[in-house]
Amino acid sequence: MSEPIETHAVDVLVIGAGGAGLRAAIAAHDAGARVGLVCKSLLGKAHTVMAEGGMAAALGHVAPDDSWQVHFRDTMVGGKLLNNPRMAELHAKEAPERVRELESWGAVFDRTTDGRILQRPFGGHSHPRLAHVGDRTGLEMIRTLQDRAVSLGIDVFMECTVTRLISGAHGICGAYGYWRTTGRPVVFSAKAVVLATGGIGRAYSVTSNSWEYSGDGHALAYDAGAELIDMEFVQFHPTGMVWPPGVRGLLVTEAVRGEGGILRNRDGRRFMWDYLPEDRRGEYAATDEEAERWVRAASRSQPTDARRPPELSTRDNVSRAIYQEVRDGRGSPHGGVFLDISYLPADHVRQKLPSMYDQFKELADVDITKGPMEVGPTTHYVMGGIRVDAETGATTVAGLFAAGECAGGMHGGNRLGGNSLSDLLVFGARTGAGAAAHAAGFPGTPYLDPVQLRVAERELGEPLERLDGEDAYAIQRDLQETMQTLVGIYRTEADLTEAIARLADLRARWLAVRAPNGRAYNPGWNLVFDMRNLITVSEAISRSARQRQESRGAHSRVDYPDLDDRAWGGVNSVVHRASDGTMEVGTSPLVSMREELRALLGGAH
Amino acid sequence: MTGPRQPGEAGRAVTVVEPTEVTAASGPATAGQVIEAAVPAEAAGATATLRVFRGEAGQDTRFEDFAVPVQEGMVVLDALHWIQGNAAPDLAVRWNCKAAKCGSCSAEVNGHPRLTCKTRLSDLDLAEPITVEPMRSFPHIRDLVTDVSWNYAVNRTIQPFTPPADLPQSEWRWQQADIDRLQEFRKCIECFLCQDVCHVLRSHETERPFMGPRYLVRTAGLEMHPIDQADRRPYLKELGNIGYCNITKCCTEVCPEHIAITDNAIIPLKERVADRYYDPLRWAWRVLRGRLPELPVGRELPVFPGGQPPAASADPQADGSEAAGTSPPERRDEPS
Amino acid sequence: MTGQATSLRGILKPRGTAPTGAGATSRRDDWLAAPLNVGFWLAVLVLYATFSALVWEPVFGVAHEADGYLSPFYAPFVSGEGFPAWLSPALVTLWIPIGFRVTCYYFRRAYYRAYLADPPACAVGEPRIHGRYRMENALPFILQNLHRLFLYLAVVLLAIHWIEVVTSFFPASGARIGLGSVLLLADITLLTGYVSSCHSLRHIVGGRLDCFSCSTINRTRHGAWKILSGLNANHMVWAWASLFSIVLVDIYIHLLALGVLVDPAIRL
Ligand SMILES: Cc1cc2nc3c(=O)[nH]c(=O)nc-3n(C[C@H](O)[C@H](O)[C@H](O)COP(=O)(O)OP(=O)(O)OC[C@H]3O[C@@H](n4cnc5c(N)ncnc54)[C@H](O)[C@@H]3O)c2cc1C
Ligand code: SF4
Ligand code: SF4
Ligand code: FES
Ligand code: FES
């Protein structure tokens, strides 16, 4: 190292400026810590900005009988009881307070007629519960938090990617990264580090997620020795766009089905009738006529004795149904199925689904008030993540904390819509405070080990210096292809074993990857480090999926199609790095549930 | 299209054009042939030529031509991605969502400031090369990426949301009608296209800074908040220099969120500034009475202690006095 | 990004790479068409108005009134008594609508673009004539802030003008519905639309309120504001339509005065 590396000393370093990272930074700042906030893209562009539907909190403004107890039960049932019950409890209890706090920082939510925050219904929630702003709730949330953080004077390091965590005698004590604009390295010394880097969607070729979702936090934590749990649970949203190719995977909000959208296959058959689980069939309409009556009543907010249409089955079930129709050759021309809302009055559709109308009009030349959309499943969210302590967000490594989508445990085997945004706020705040407390108790100042810095530095330089080798885009294509075909909605032992072998192969290719043409804003070079993380995360997903020999929530095994409560109902999968550097996968018993919480689950357990 | 490929070896189809000769034709035919060899399957269909601005700040910049196979529904950002994956892995482009939601992918396509993820190739004339340039009003970094940090610096100078100190959030009530205006402003995705196109920022060197349309929109969202207590008019006039805007509406023309920036944010703010500084009636009043008349602006609060919304109130007169009863302290003047 | 700046001073925008000089742009479309078009029609209408108000009567002796119809340029009518003969009585009131239109937010945009080329079109370079750009921050353009003063006066004029239009249906010769009165009615309707869609009016009526639902009065003002906002969305259309209609009506009345046309009318 010829010249000294740019170094910043902070008490708490927050990696990631989405909802979770921003909320954690604000909490740590409020607790008196000096905070640094790092993000890969510009401030305010994090993935949270894309969230549409709303954030779930039992405010009880629309349904007065809603309570944290009901929200807790909905979350646990939705998560197939794999959730960390303490997290689900804290989430349900604290979400209302966090949402109100957002309003006091300037968020402008839609209103009820008596002037309070409006809430909308969503799949899996017993009551209308999602505080929202039209269909751009995430934007409102990130803008509010961003303005708050900026007005508090929190230091933000934009377009700066962290590639390594640095550990010392007292645990994690810093991070190494580079500025994307210049490619120059930067080092942070910190008494505590919070990971809030979001998800892993980029491992798949069809995804609703952005390029940022390369599982950096998962991989950084794994490399630092932390445990990842539940990695086999990747949520596939049933309705993403499938055509034109450029927008494949782009989300088609669940609200389309909520408003009465009907799914049909190539032959015009409303195939969801064939996929309703037998034990739940009674909750759904029996005929087209009854379903239509429900839609009519719902659009006028009137009570009805009709039961809901079959399209409103759970996300995992609808995804599987669409997948099977397509696989059996009954799909639409571009490999999806038809989602039709055009039988409703055009004005009504435009008013209820403004951004969907625009999205199809502008990107696909489809007028959804006149004809059907083509949709298919798309990778959406990862339930699995870094194992954390519910109270403080502490991981299994001292000094390292995690919150948001990259933390695991809160959502179990399947996340309910709207529970993520409130998760970001609740556990962002807790984790920020936890990290600040840890930093306050840190003895002395962090010591940055020069050996680790040099390793990190060399790693950055190598792809630039190699004279030949393939570029990282080729690896990305093959990785996405592997994950999409072998570790998708339906999984088998053979496919997963094959995937693990291919990933090992990709890792070997990665070691020889080349990225010429300098460091300054060179996406080909940046991609190299994203790929390393993605390969690690993909392996964790594949290994966890191979281990869990049952079908539960978002994880479906063709060779083990049933729920197996005896063998798998009581454990989380755990992945961690063995002392020889290989990935080790195992299980650990679920976090125990207090009796009074168990009682809340009632018949569900 | 798997397996190793050397950038610059195959698939790379580059013609260097001097920046001054933007319109000079430059052999896309040759370029097309090179691509064809690399990607036979796709080259069967139509191709588009993208003339992309390349280079690093401080060095010579140039336009390079890339022949890109056109797929149905392709947007300019897809074409740029194709170039990254097949011809120039180091092509610097900012993007995140690819769904017109994050405001990262701003650039100038054929001279028009646009989101590249929302600009369809089918809407452009493919017979000619499509020029893609970075946002020209900001300092250049590399290729299509510019340094927009100045915008964030401006944002920090705006006094944040300032609710009344003595009213807890649980007491706040307001109607959807009160916030419809604000929600339009809050749709902003901070793409900075309006800042880019605004001629004050683009073509003029002013003596004093101009905050730009994006931050006029943000300030409007705060000033018109039913419960906000701050008065940002001195800031708008003296520091943000709202007077530099000559309401020529280019910002409104480019806004991808279709915010009526000029009509709904800037002009109403100019009127609010005029309320305080240029109103002839108030001026006459001051001359006659030696003091400023009370302004109604900001003196009412949409708060109904005990949660009584105005609609629920039996006597229409009563809620007016209720509101008056909870008048906040005087508006704060100039932010520190 | 450290610390919190408290003022904008010292953070002038760093220079970009936009091409400079008149007309410098990468745009391929016909960006020159709009400013030329606007500039041409604005010039035609303004020149005609000047001619009609200052030249036609004093120099050519063509009356501004015929058959009980008063040219809108002279409305509301103030008798020219005590005026030197070469000075047109139109000037007594004409400065008000002129001031109103000159400071109108729409026309500002139109002539800044068309005549000052500031900017000629979006993302197009400007001529280097505006060395020091201060625009509405300094004289003379800071006076544009007086738009509301002209608005107050224009509303008064408009009311008087309405009375005149209505009385044009009842000239001394007895009630009639003439083409002239119909044209005058159409003209004043457009004029009323133009004034009602004014940005300043919209602001004064309701826009300046922060809370629309806070009191009965505010709710009423909100209702009015919503209506005016609807009109305001088409302010440009009102602005042009009312400008053209004034000129057309003025031409019609002058043609009557010249005896070229005879006003078709139903007399009651
Ligand atoms: C289309 C869509 C719609 C959705 N709708 C909803 C909804 O309606 N309701 C709901 O509850 N949830 C919804 N979700 C899910 C929810 O939006 C996400 O789970 C949530 O935003 C994740 O937030 P986060 O703070 O964990 O991460 P993010 O917001 O993604 O932030 C990650 C941050 O980490 C930074 N980062 C990552 N890696 C690094 C690194 N190596 N170095 C430095 N910085 C790094 C990134 O730059 C970014 O700032 C939706 C998701 C999608 C895709
Ligand atoms: S209207 Fe004002 S802010 Fe908008 S582009 Fe024109 S000068 Fe700039
Ligand atoms: S106001 Fe419109 S153009 Fe300006 S930054 Fe926001 S979204 Fe972009
Ligand atoms: S990539 Fe997000 S707006 Fe274009
Ligand atoms: S804004 Fe055009 S008349 Fe007032």
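The values are calculated or read from the model by the stated rules, or taken from the named source; none is laboratory data. Remember, predicted model here, so these are calculated numbers, not experimental data. Cβ placement follows ideal geometry from the backbone for every residue including glycine, while neighbour counts extend to all protein chains displayed. For accessibility, only protein heavy atoms count, side chains too; no ligands or nucleic acids. Shrake-Rupley method; radii C 1.70, N 1.55, O 1.52, S 1.80 Å.
Counting only C-alpha contacts under 8 Å and six or more residues apart, can you give the relative contact order of chain A as a whole percent? Reported relative contact order: 21 percent.
Using the Cα coordinates of the stretch A:361-442, the gyration tensor eigenvalues translate into equivalent-ellipsoid semi-axes of 38, 13, 10 Å, sorted from longest to shortest. Per residue of peptide B:179-191, the mean number of Cβ atoms on other chains within 10 Å of the residue Cβ is 5.
Under 5 Å from the amide H of A:Val382 lie the amide H atoms of A:Ile200, A:Gln235, each residue being 5 or more positions distant or on a separate chain, with H modelled from the backbone and absent for Pro and chain starts. Coupling constants for the stretch A:332-346 follow from the phi torsions by the Karplus curve (6.51 cos²θ - 1.76 cosθ + 1.60, θ = phi - 60°), and in residue order they are 7, x, 9, x, x, 10, 9, 10, 10, 10, 6, 6, 8, x, 4 Hz; glycine and proline get x. Note on B:Ala46 and A:Asp449: their simple-model spin labels are 5.8 nm apart, each label 7 Å out from Cα toward Cβ. The Cα trace of the stretch A:237-379 gives Rg and Dmax of 14.4, 43 Å, the first to one decimal, the second as a whole number.
Here the Karplus curve 6.51 cos²θ - 1.76 cosθ + 1.60, taken at θ = phi - 60°, turns the phi angles of the stretch A:178-187 into couplings of 9, 7, 5, 5, 10, x, 6, x, 8, 10 Hz, with x standing for Gly and Pro.
Absence of a disulfide-compatible partner, taken as no other cysteine beta carbon within less than 4.7 angstrom, is noted in chain C for C:Cys104, C:Cys198. Please list the helices of chain A that count as membrane-span-like by this rule: a mean Kyte-Doolittle hydropathy of at least 0.5 together with Cα atoms stretching 30 Å or more along the helix axis, each helix being a complete DSSP H run. Sorted by number, the helices that extend far enough and score high enough are A:419-440.
In this structure the amide hydrogen of A:His8, modeled in the peptide plane, comes within under 5 Å of the amide hydrogens of A:Val187, A:Phe188, A:Ser189, none closer than 5 places in sequence on its chain.
Hey, what did the stretch A:451-565 get for relative contact order, percent, Cα under 8 Å, at least 6 apart? The normalised contact order for the stretch A:451-565 reaches 33 percent. For the stretch A:149-273, the alpha-carbon coordinates run over 64, 32, 29 Å along the three principal axes, in decreasing order.
Our summary of shape: the Cα atoms of the stretch C:191-268 have principal axis extents of 60, 31, 15 Å, ordered from largest down, in whole angstrom.
Of the beta bridges in the protein assembly as shown, as assigned by DSSP with both residues counted there, near 70 percent are antiparallel.
All distinct Cα pairs of the stretch B:129-170 go into the 1/r average, and the inverse of that average, the Kirkwood radius, is 13.9 Å. Per residue, the convex hull around the alpha carbon atoms of the stretch A:451-565 comes to 119 Å³. The rule of thumb for compact globular proteins, 2.2 N^0.38 Å, goes into the C-alpha radius of gyration of the stretch B:149-288 1.11 times.
Each peptide in A:249-258, C:230-239 receives the mean, over its residues, of other Cβ atoms within 10 Å, and ordering these scores from highest gives A:249-258, C:230-239. The alpha carbons of chain A stretch over 75, 52, 50 Å along the principal axes, in descending order.
Charge dipole of the protein assembly as shown (Cα centre as origin; +1 on each Lys and Arg Cβ, -1 on each Asp and Glu Cβ, all else neutral): 1640 debye, rounded to the nearest 20.
What is the Cα radius of gyration of the stretch A:314-392 over 2.2 N^0.38 Å, N being its residue count? That works out to 1.46 for the stretch A:314-392.
Approximating the spin labels as points 7 Å out from Cα along Cα→Cβ, the B:Ala284-to-A:Arg330 distance works out to 7.9 nm. When chain A is described by a simple charge dipole with +1 on each Lys and Arg Cβ and -1 on each Asp and Glu Cβ, the residue from A:Pro561, A:Val375, A:Asn533 located farthest towards its positive end is A:Val375. So what is the diffusion coefficient of the protein assembly as shown in µm² per second by Stokes-Einstein at 37 °C and 0.692 mPa s, using a Kirkwood Rh over Cα pairs? For these conditions, the coefficient is 100 µm²/s.
In peptide B:78-84, what is the residue-averaged number of other protein chain Cβ atoms found within 10 Å of each Cβ?
So the per-residue partner count for this stretch is 2.
Extending 7 Å from Cα along the Cβ direction at C:Ile177 and again at B:Glu72 yields two label points whose distance is 5.8 nm.
A 1.4 Å probe run over the protein assembly as shown, with the rest of the protein chains in place, finds 36 Å² accessible per residue. Per the Cauchy relation, a quarter of the hull surface: what is the mean projected area of the convex hull of the alpha carbons in the stretch A:94-214, in nm²? Seen from a random direction, the Cα hull of the stretch A:94-214 projects 11.3 nm² on average. Amide H contacts of B:Val75 (H built 1.01 Å from N, in plane; Pro and chain starts excluded): B:Leu121 sit under 5 Å, all sequence-distant by 5 or more or on other chains.
Taking the charge dipole of the stretch A:451-565 about its Cα centre, with +1 at Lys and Arg Cβ atoms and -1 at Asp and Glu Cβ atoms, the residue from A:Val451, A:Ala508, A:Gly469 reaching farthest to the positive side is A:Val451.
Calculated mean residue ellipticity at 222 nm for the protein assembly as shown: -11500 deg cm²/dmol, from DSSP H runs with n ≥ 4 weighted as -39500 (n - 2.57), summed, divided by the residue count and rounded to 500. Using C-alpha pairs under 8 Å with a sequence gap of at least 6, the mean separation divided by the residue count of the stretch A:142-289 gives a relative contact order of 11 percent.
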